[in-house]
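Trainee: Before we start, here is the structure in question, set down as structure tokens.
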Amino acid sequence: MSMKEGKQTGAGRPGYEIYIGLEIHIQLLTRTKAFCSCRAGYGDEPNTNVCPVCLGYPGVLPALNEEAVKQAYLVAAALNCQSAALTSFDRKNYFYPDMPKNYQISQFYRPIGTGGYIDYPVDSGIRKVRIHDVHLEEDAGKMIHAGDVSLIDYNRAGTPLLEIVTEPDIKSGEQAEAFLRYFRSFVRYLSVCNGNMEEGSLRCDANISLNRPGAGLGRKVELKNMNSSRFVRLALEHEVERQSGLLDAGETVAQETRLWNENRDATILMRKKEAAHDYRYFPEPDLPAFYPDEKFLGQVKQQLVELPLERRLRLQQEYGLSIEAAAYLTIERETADFFEAVLKVLQGGAEGFAATVYNWLNGDVMKELNNRNLSLGNSPLSPKRLADLLLLLEEGRIHGKIAKKVLSLIFERDRDPEFLIADEGFEQISDDNSLRKLIEKVCSDNPEALKQARAGEKKVLGYLIGQVMKSSGGRAEPQRTRNLLAEIIDADEEKEEKAR
Ligand SMILES: [Zn+2]
């Protein structure tokens, strides 16, 4: 038993079991809204993407956006849910100024997916979170508070929102943070959401309860207003402290909704929780139930892709990559696609190249992209160009420093590496005649240094090699240069000995 035990605080506080569930909302990437043909998108003039349907005028009828339903079924399938053979919509009644109808079209009785699970990486292991359900609903508008007035923009009202409700299988704030980072990657792989938490296209509420081990769930507290995965972790860690403090003191935890306040690093009370019946859910009478047919389900199946964790494990196995390397390469599908495309060009030598390609992508390529505010998808660097550059390096036609220069030039000039090397005169000098000429010139320009080198001063040899590199514009092949220079110094010594 170590001294540390019993002194733990926070997520590791002994004596309580921690149950954390997440409610994640993702904005689906559809062209139009969920129940009308208004544009679903961002950055437009306020209240321009609106019509009688999404403004909740009386007497209008909603029409279901099939693309939104397709994306919802896709997420449900990727989450290993049981997909509904019949799905329908319900009205969730509550008043809020940014919701013009005073009810939200959502799903309560027959959600699109139920009873799934998702595996996600945390630390160097893999954990499982069960999915309670996946349901489709519409987003509300946006309120903008400016001084004494509040303004409302209804452009977002009625855009399709997918809610994913997990079972309370998460055990710490740290796990919740890891889960959300992975989930962002997951929805981006599926091309159903851009996953931007700061802009609110991926939002997360959490519920958390603590209880004595074996006593089941405790009284649930809901947490809102966390717009980054880091805030989700901090809010949950704060709640663990707060609730265990109450329980330690023999008090009970009130069932309520609390807001994360980032300025105070604390959660604060928002409201006592409504029970589900407060929303008076009832079936939406204006929308018929949706029965997915074979063709629809076939289309959904076609869009299922290899998910980030599967891909990470495959890259580790197939190319012998480390966990860190495979994790980095698979966060974005674009990076993983690029990596594999480079190796495909390199073909035969692919195994030996995997770590090299990763190092370039994670190092110099990333630097170039960041400096130019580009991504792999819209940069002049194609997989073919990177592969060619690495082959030139491998064949010894250029060396490392020049290769980095060529990479920059690909970004600057948008040309192939072969062309750039010829055009810039970058090819490595490795034939003995040319090298000898360069070395002899350097020796005759530096008679003092040559004398010292002959006297056996090792560091002077380094200086002379440096001068040769400099005079060749970095193109002299370093090892060959070192050997030839040593030969010339020895030869000079012999000559002098003979003269004596
Ligand atoms: Zn509309």
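The values are calculated or read from the model by the stated rules, or taken from the named source; none is laboratory data. What you are looking at is a predicted structure, and each value in this text was computed from that prediction instead of being measured. We place every Cβ from the backbone using ideal geometry, glycine too, and count neighbours over all the protein chains shown.
Trainee: Can you tell me which residue within the stretch 295-317, out of those that are under 22 Å from the mean Cα position of the chain (by Cα) and loosely packed, with under 15 Cβ neighbours inside 10 Å, is farthest from K92 (Cα to Cα)?
Mentor: Q317
Trainee: To continue, here is another question. Could you please give the count of residues in the stretch 140-159 that are within 12 Å of the ligand (Cβ to nearest atom) and either within 20 Å of L202 (Cβ to Cβ) or among the charged types (D, E, K, R) (or both)?
Mentor: Residues flagged as within 12 Å of the ligand (Cβ to nearest atom) and either within 20 Å of L202 (Cβ to Cβ) or among the charged types (D, E, K, R) (or both) within the stretch 140-159 amount to 6.
A quick yes/no check of all residues on (1) surrounded by 13 or more Cβ atoms within 10 Å (Cβ to Cβ); (2) at pLDDT 90 or above:
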{"site": "K404", "(1), (2)": "yes, yes"}
{"site": "L420", "(1), (2)": "yes, yes"}
{"site": "D445", "(1), (2)": "no, yes"}
{"site": "V460", "(1), (2)": "yes, no"}
{"site": "R500", "(1), (2)": "no, no"}
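Trainee: What about S209, is it surrounded by 21 or more Cβ atoms within 10 Å (Cβ to Cβ) and over 17 Å from A76 (Cα atoms)?
Mentor: When the stated conditions are applied, S209 passes them.
Trainee: Could you tell me whether any residue of the stretch 467-488 is of a type in the set (S, T, N, Q) and more than 47 Å from the chain's Cα centre (by Cα)?
Mentor: So far as the stretch 467-488 goes, yes, one or more of its residues are of a type in the set (S, T, N, Q) and more than 47 Å from the chain's Cα centre (by Cα).
Trainee: Considering only the stretch 86-125, state which residues are under 30 Å from P46 (Cα atoms) and without any contact (Cβ under 8 Å) to a residue 24 or more places away in the chain.
Mentor: F95, Y103
Trainee: I'd like the full set of residues that are among the polar types (S, T, N, Q) and either more than 14 Å from N359 (Cβ to Cβ) or buried (at least 22 other Cβ atoms within 10 Å of the Cβ) (or both), limited to the stretch 320-342.
Mentor: T330
Trainee: Within the stretch 146-182, count every residue that is closer than 30 Å to G125 by Cβ and among the aromatic types (F, W, Y).
Mentor: The qualifying residues number 2.
Trainee: Would you be able to tell me the number of residues in the stretch 147-172 that are among the aliphatic types (A, V, I, L, M), crowded, with 20+ Cβ neighbours inside 10 Å and out of contact with any helix residue (DSSP H, G or I) (no Cβ under 6 Å at 6 or more places or on another chain)? Don't jump to the end; show me each part of the working.
Mentor: Within the stretch 147-172, the subset among the aliphatic types (A, V, I, L, M) is 149, 151-152, 157, 161-162, 164-165, 170.
If we keep only those that are crowded, with 20+ Cβ neighbours inside 10 Å too, we end up with 157, 161-162, 164, 170.
Imposing the further condition that a residue be out of contact with any helix residue (DSSP H, G or I) (no Cβ under 6 Å at 6 or more places or on another chain) reduces the set to 157, 161, 164.
Going through the stretch 147-172 one residue at a time, the tally reaches 3.
Trainee: Follow-up. What is the residue count in the stretch 295-312 for residues that are part of a helix (DSSP H, G or I) and either within 22 Å of G363 (Cα to Cα) or of a type in the set (D, E) (or both)?
Mentor: Restricting attention to the stretch 295-312, the residues satisfying the condition of being part of a helix (DSSP H, G or I) are 295-302, 308-312.
Okay, now just the ones that are also either within 22 Å of G363 (Cα to Cα) or of a type in the set (D, E) (or both), so 308, 310-312.
So the answer is 4.
Trainee: Of everything in the stretch 270-294 that's modelled with pLDDT under 85 and either assigned to a strand (DSSP E or B) or closer than 16 Å to I112 by Cα (or both), which residue is farthest from the chain's Cα centre (by Cα)?
Mentor: The selected residue is K272.
Trainee: Could I ask something else about it? Taking the criterion of being under 30 Å from L304 (Cα atoms) and hydroxyl-bearing (S, T, Y), would at least one residue in the stretch 236-256 satisfy it?
Mentor: Among the residues of the stretch 236-256, not one is under 30 Å from L304 (Cα atoms) and hydroxyl-bearing (S, T, Y), which makes the answer no.
Trainee: Looking at I398, I410, which one is within 30 Å of N371 (Cα to Cα) and not in a helix (DSSP H, G or I)?
Mentor: Of I398, I410, the one residue that is within 30 Å of N371 (Cα to Cα) and not in a helix (DSSP H, G or I) is I398.
Trainee: For a quick check of your reading of the model, give me the residue pairs whose first member lies in the stretch 43-57 and is over 23 Å from E199 (Cβ atoms), whose second is at pLDDT below 95 and away from the ligand (no atom under 11 Å from the Cβ), with beta-carbon atoms closer than 6 Å and at least 6 apart or on different chains.
Mentor: G56/K101
Trainee: Still on this model: Among the residues of the stretch 343-374, write down those that are small (G, A, S) and surrounded by fewer than 21 Cβ atoms within 10 Å (Cβ to Cβ).
Mentor: G348, G349, A350, G352, A355, G363
Trainee: What residue, among those in the stretch 12-59 that are part of a strand (DSSP E or B) and among the charged types (D, E, K, R), is nearest to the ligand (Cβ to nearest atom)?
Mentor: This residue is R39.
Trainee: Looking at A63, A68, can you tell me which residue is out of contact with any Gly (no Cβ under 8 Å at 6 or more places or on another chain) and not in a loop (DSSP other than H, G, I, E, B)?
Mentor: The match here is A68.
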